[in-house]
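Step one of this worksheet: look at the structure below.
The values are calculated or read from the model by the stated rules, or taken from the named source; none is laboratory data. Note that the coordinates shown come from a computational prediction; the quantities given were computed from them, not determined experimentally. Cβ sites come from the backbone with ideal geometry, for glycine too, and all protein chains shown count toward neighbours.
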Amino acid sequence: MIEFILNNKRIKSSAKSGMSLLHFIREEQGLKGTKSGCKEGDCGACTVLVGSLNKDNSISYQSITSCLTPLANVHAKHIVTIEGLNRPKELNVAQKAIKDNFATQCGFCTPGFVNSLSGLALQHKKVSKEDAINAISGNICRCTGYKSIEKAAEEVSNKLQNKDSTNELEWLVAEHFVPDYFKEIPEKLKQITSRGSDVEGVLVGGGTDLYVRHADTLLDQDIQQATHIVGHTIRVHDGVCTIDAGTRVTDLLNHKGFKSYFVKLPEFIKLISSEQIRNMATLAGNFVNASPIGDLSIFFLALDSTLHIKKANGDSRYVPLKSFFRTYKKVDLAEDEFIADLSFELDNNNHFNFEKVSKRTHLDIATVNTAIRIQLTNNVVYDVAISIGGVAAIPTYLHKTTRFLKGKELSVVVLIAAQEVLQSEITPISDVRGTAAYKRLLARQLFYAHFISLFPNQFQLKDFIA
Ligand SMILES: Cc1cc2nc3c(=O)[nH]c(=O)nc-3n(C[C@H](O)[C@H](O)[C@H](O)COP(=O)(O)OP(=O)(O)OC[C@H]3O[C@@H](n4cnc5c(N)ncnc54)[C@H](O)[C@@H]3O)c2cc1C
Ligand code: FES
Ligand code: FES
């Protein structure tokens, strides 16, 4: 039995836990305000808010795409659709901003935008104009053009500057961002007991890979929530960072300890999918999907991470991430195993960089992506790890290139020679994302980009122009 609060209504459903939330909302509950567009997580027309109860009785709300969300993942949560944001007679703040800025025409995308902007309002932090634009990064409009929508988003963020941080929810209700019933939700959620971890079925993390391909077949199946068996916390202890496999991309960004080691993390993370998908996508899902261009795979390969793999009977083993990927989409994981967590050493002497080129800057998968972790002593490479995606059948750890660089003094000549070694250990193919020659060129440029970005006083673009 799946139980949750849908807007202001308590739901107890015996529907299969693999049914998509979008299907449940529209077909089982008849709430047609949530639109069904691409059903692949791209358009944001199906965006809803999911609220999770915190220990201090507050609720954290995030936007998600309901087309890729299994019912199991919303057990004991508050789900908000556009109907749950409506006020009896007047528009709420996000709706009014959209109307006043002429940011709607056919209206198909509008519920999704209103939900994303209302999710922004419910964040427990001071939000900037940039946050407002990020909040709608996963919403597509085919009619208006984006300027009018950006103006509406800016208007919402301006109004939020006066938010009373001591009593956020009271303020949001009084200012007509959300309806009055939101205040009763914490008490209602407390009455729902958790689902238990003994449920059997297809293992699903955020669903952002599985549901793109299998939403229709999973409709009639039960699923096992990965986050129930593996957790989603990040721990830093004695220089080692351990991240539970169910940790979502957004959790990485919100964790102060993790973020402090990666100065440019917000920039890197912005290149991964959209706000909604980042709120759902887990680390393990990215590794097990084993896409040759998986951004998290590339990021954590360069950190020389180790996976902790378990079985239900308690047996466990450790596998370096660089040995996990076997051949195209095949990984070192038996059917009765799951990834529990991943760990790597955090060292303040590390310099880290991530680069990604895709056809579109945002909401697109990579053509080529790469990451580097490097430690220098007096300009000599003490330790280095480089990963690259999109140039072989698996996310690739550049063994030869890193071996070549270790112990060498960094110079333009050494980097040019290292780049030639890199070219010898990649095997790109031509496909829809680019020709093999183009990917080789990108691999070259992004390799140099690492050093230009990390050591701008030592290396400039002109050094590498033939
Ligand atoms: C619109 C859109 C944009 C995207 N953009 C990007 C992008 O920019 N970069 C990128 O890298 N990816 C992108 N993705 C892909 C996807 O979001 C990521 O691969 C994500 O990390 C998958 O995680 P998930 O939890 O949603 O996986 P799921 O779909 O839940 O699961 C994927 C696989 O992992 C398995 N699995 C899940 N958890 C475990 C576990 N603990 N142990 C063992 N197996 C497990 C599942 O059984 C399944 O086989 C995008 C997807 C969409 C829909
Ligand atoms: S229908 Fe397009 S993102 Fe869900
Ligand atoms: S108003 Fe038509 S798709 Fe946005």
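The conditions of being surrounded by fewer than 16 Cβ atoms within 10 Å (Cβ to Cβ), within 16 Å of ligand 2 (Cβ to nearest atom) and modelled with pLDDT of 95 or more are met by Cys106. Do we have Phe24 as surrounded by fewer than 23 Cβ atoms within 10 Å (Cβ to Cβ), farther than 27 Å from Leu253 by Cα and either within 16 Å of ligand 1 (Cβ to nearest atom) or modelled with pLDDT of 95 or more (or both) here? No; evaluated as a whole, the condition is false for this residue. Which residues, taken from the range 109-144, are more than 16 Å from ligand 2 (Cβ to nearest atom) and basic (Lys, Arg)? Passing the criteria: Lys125, Lys126, Lys129. Checked against (1) of a type outside the set (Phe, Trp, Tyr); (2) over 28 Å from Val212 (Cβ atoms); (3) assigned to a loop (DSSP other than H, G, I, E, B), Ser148 passes all but a single condition, namely (3). Condition first: within 16 Å of ligand 1 (Cβ to nearest atom), under 20 Å from Arg142 (Cβ atoms) and either under 19 Å from the mean Cα position of the chain (by Cα) or crowded, with 23+ Cβ neighbours inside 10 Å (or both). Can you find one or more residues in the range 72-87 that meet it? Among the residues of the range 72-87, not one is within 16 Å of ligand 1 (Cβ to nearest atom), under 20 Å from Arg142 (Cβ atoms) and either under 19 Å from the mean Cα position of the chain (by Cα) or crowded, with 23+ Cβ neighbours inside 10 Å (or both), which makes the answer no.
Cβ separations smaller than 6 Å between residues 6+ apart or across chains give the following pairs from the range 205-218 residues that are under 9 Å from Leu68 (Cβ atoms) to residues that are part of a loop (DSSP other than H, G, I, E, B) and more than 9 Å from ligand 1 (Cβ to nearest atom): Gly207/Thr69. With respect to the conditions (1) away from ligand 2 (no atom under 16 Å from the Cβ); (2) within 30 Å of Gly112 (Cα to Cα); (3) of a type outside the set (Phe, Trp, Tyr), Asn350 falls short on a single one, namely (2). Every residue in the range 28-76 that is closer than 18 Å to Thr247 by Cα and part of a strand (DSSP E or B), please. Within the range 28-76, Val50, Gly51, Ser52, Leu53, Ser60, Tyr61, Gln62, Ser63, Ile64, Thr65, Pro70 meet the criteria.
Filter the range 109-134 for residues that are within 18 Å of the chain's Cα centre (by Cα), small (Gly, Ala, Ser) and more than 16 Å from ligand 3 (Cβ to nearest atom); which is surrounded by the fewest Cβ atoms within 10 Å (Cβ to Cβ)? In this case the residue turns out to be Ala132. Is there a residue being more than 16 Å from ligand 1 (Cβ to nearest atom) and closer than 21 Å to Pro179 by Cα anywhere in the range 142-153? Yes. Looking only at the range 389-414, count how many residues are over 18 Å from His351 (Cβ atoms), in contact with a strand residue (DSSP E or B) (Cβ under 8 Å, 6 or more places away or on another chain) and part of a loop (DSSP other than H, G, I, E, B). Total meeting the criteria: 5.
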